Amino acid sequence: MKFPAFFESAPRITVRDPLARFLGASEEGIIEYTYSDAVKLAGHSCPTVAAAYLMTRAAMRVLYPAAFPERGGIRVELREDPLTGVAGVIANVAGLLTGASTDTGFKGIAGRFDRRGLLSFGADIPGQLRFTRQDTNATAIVSARLERLPGDARIASLMPRCVAGTASADQLAQFQSLWQDRVRMLLVEHADDPEIIVVQH
């Protein structure tokens, strides 16, 4: 398996998962996630996957300024409905990192570690996502302003050819390079850019 080299330069997210600790899955329940993990979940790398990863990271840094975020201890709400646009992709990435799930998540053990009901859609919020700590009710609302980081203009002409299967090998390679370069810029150059990853709390 060979990912683009810049994946290794993307920020990493470290959490503490009480369930993982309880079952001995990781020492002290500490788990580190990388952008590659989000790509494995989604099956692709794109600005949406990268933005979901960064929005979740930004919210966690606000909610847990002096400690590892608690996976399974955060409620995630999306403004959009699950079938609208890319809401499903964003929810999947946020769920991976936070452990939040709808009614299909882990049911818990003797009343502990229940992950169900922590992920929902259609929230009336002034941003794309709202993250809420279960223990303190502290919240962070985040949005990604991807329009402020436009892709290369050549993508618009290359993509239809690639989709139709009429692009040459060189054109396909150029499209892939340009597409991933926008992801690279977002993850490596603008991961902490408050004009692109906007946080309200």
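Things worth noting here:
- Residue within segment 72-81 that is in a helix (DSSP H, G or I) and of a type outside the set (A, V, I, L, M, F, W, C) present: no
- Of all residues in segment 86-107 being at pLDDT 95 or above and small (Gly, Ala, Ser), the one that is surrounded by the fewest Cβ atoms within 10 Å (Cβ to Cβ): 88
- Residue that is nearest to residue 93 (Cα to Cα), among those in segment 19-38 that are outside any strand (DSSP E or B) and open to solvent by 40 Å² or more (accessible area, probe 1.4 Å): 37
- Filtering segment 1-14 to residues that are in contact (Cβ under 8 Å) with a residue 24 or more places away in the chain, within 30 Å of residue 107 (Cβ to Cβ) and either over 14 Å from the mean Cα position of the chain (by Cα) or loosely packed, with under 15 Cβ neighbours inside 10 Å (or both) leaves only 14.
- Every residue from segment 72-85 that is touching a Leu at 6+ places or on another chain (Cβ under 6 Å) and open to solvent by 60 Å² or more (accessible area, probe 1.4 Å): 75
- Checked against (1) outside any loop (DSSP other than H, G, I, E, B); (2) loosely packed, with under 14 Cβ neighbours inside 10 Å, residue 161 passes all but a single condition, namely (2).
- Scanning segment 53-71 for residues that are open to solvent by 30 Å² or more (accessible area, probe 1.4 Å) and either in contact with a Pro (Cβ under 9 Å, 6 or more places away or on another chain) or not in a loop (DSSP other than H, G, I, E, B) (or both) gives 57, 61, 62, 70, 71.
- Just one of the listed residues (145, 184) is touching a Phe, Trp or Tyr at 6+ places or on another chain (Cβ under 8 Å), within 17 Å of residue 54 (Cα to Cα) and open to solvent by 40 Å² or more (accessible area, probe 1.4 Å), namely 184.
- Residues in segment 132-158 that are within 28 Å of residue 64 (Cα to Cα), assigned to a helix (DSSP H, G or I) and among the charged types (D, E, K, R): 1 in all.
- The set of residues from segment 34-90 being under 10 Å from the mean Cα position of the chain (by Cα) and of a type in the set (Phe, Trp, Tyr) comprises 35, 53.
- Every residue from segment 115-127 that is part of a loop (DSSP other than H, G, I, E, B), open to solvent by less than 50 Å² (accessible area, probe 1.4 Å), touching a strand residue (DSSP E or B) at 6+ places or on another chain (Cβ under 7 Å) and over 10 Å from residue 73 (Cβ atoms): 123, 125, 127
The values are calculated or read from the model by the stated rules, or taken from the named source; none is laboratory data. The shown structure was predicted, so the numbers you read here are calculated from the model rather than taken from an experiment. Please note: Cβ atoms are built from the backbone with ideal geometry, for glycine as well, and neighbour counts cover all protein chains shown. Accessible surface areas use protein heavy atoms only, side chains included; no ligands, DNA or RNA. Shrake-Rupley method; radii C 1.70, N 1.55, O 1.52, S 1.80 Å.
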